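The values are calculated or read from the model by the stated rules, or taken from the named source; none is laboratory data. On a predicted model such as this, the values are computed, not experimentally measured, just so you know. Virtual Cβ from ideal backbone geometry, glycine too; neighbours counted across all protein chains shown.
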Amino acid sequence: MSQLFSIHPDNPQTRLLKQAADIVRGGGVIAYPTDSGYALGCHIGDKSALERIRKIRQLDARHNFTLVCRDLSELALYARVDNVAYRALRSHTPGPYTFVLQASSEVPRRLKHPKRKTIGIRVPDNRIAQGLLEQLDEPLMSVTLILPGEELPLLDPYEIRDVLGAQLDLVIDGGYCGMEPTSVIDFSSEVPEVLREGAGSVEEFR
């Protein structure tokens, strides 16, 4: 059975965030709250943890993984972005959006879309997620916590722990944080494309 940390959504306990970051650095797979539901996360460089997430979600090689970032200062290291795309990202982050961009050479090949060489970038508006990213001091490799065959993500951290058990190393209980996934906007070509309409408004991108 995984560990479970109850972390205050408005005033996250630094001690618990540091412990959570240590679990991630040590190769752990965690479930954590964002501004659009719970997500699975692991260290960006850990191949074994990534494969565990693939197994939980039953994902194939074509699935676009997301780098969850503290802010846009990390963007240039992991993605190629022009001025138009950067302005759009700046005005919509932090928030419930995932932006698909051309990945840089710093992104491990296993995280990129195999044909398009893209990566998702996200900056969540959630204090627990932001606190965890601050402790890690690097992005978190992440996917939404939607189980195979389901249309909606799991909402209750205790249910997440009961259902996934030892497949996770840690579940962070951050309370209710929504159930609608992010809106996904593809900026990897000249014209933005809405790939998924979710919690964030997409009218500007149509």
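Take the conditions part of a strand (DSSP E or B) and in contact (Cβ under 8 Å) with a residue 12 or more places away in the chain and apply them to ALA21. Does it pass? Spelling it out, it is not the case that ALA21 is part of a strand (DSSP E or B) and in contact (Cβ under 8 Å) with a residue 12 or more places away in the chain. Residues in the stretch 74-88 that are in contact with a strand residue (DSSP E or B) (Cβ under 6 Å, 6 or more places away or on another chain) and crowded, with 20+ Cβ neighbours inside 10 Å: TYR78, ALA79, VAL81.
Do we find a residue being at pLDDT 95 or above, over 16 Å from ASN126 (Cα atoms), among the aliphatic types (A, V, I, L, M) and not in a strand (DSSP E or B) anywhere in the stretch 55-75? There is at least one residue in the stretch 55-75 that is at pLDDT 95 or above, over 16 Å from ASN126 (Cα atoms), among the aliphatic types (A, V, I, L, M) and not in a strand (DSSP E or B). Within the option set LEU40, LEU16, being of a type in the set (A, V, I, L, M), surrounded by 14 or more Cβ atoms within 10 Å (Cβ to Cβ) and assigned to a strand (DSSP E or B) holds for one residue only, LEU40.
Does VAL107 satisfy being touching a Lys or Arg at 6+ places or on another chain (Cβ under 6 Å) and surrounded by 18 or more Cβ atoms within 10 Å (Cβ to Cβ)? Considered against the rule, which asks whether it is touching a Lys or Arg at 6+ places or on another chain (Cβ under 6 Å) and surrounded by 18 or more Cβ atoms within 10 Å (Cβ to Cβ), VAL107 comes out as no. When ILE30 is tested against (1) within 30 Å of GLY149 (Cα to Cα); (2) of a type outside the set (Asp, Glu); (3) surrounded by fewer than 19 Cβ atoms within 10 Å (Cβ to Cβ), just one condition goes unmet, and that condition is (3).
The residue that is modelled with the lowest pLDDT, among those in the stretch 76-112 that are over 30 Å from LEU147 (Cβ atoms) and basic (Lys, Arg), is ARG80. Within the stretch 119-139, the set of residues being basic (Lys, Arg) and touching a Ser or Thr at 6+ places or on another chain (Cβ under 6 Å) comprises ARG122 only. For the stretch 6-55, the set of residues classified as of a type in the set (Lys, Arg) and out of contact with any helix residue (DSSP H, G or I) (no Cβ under 6 Å at 6 or more places or on another chain) consists of ARG15, ARG25, LYS47, ARG52, ARG54, LYS55, listed by residue number.
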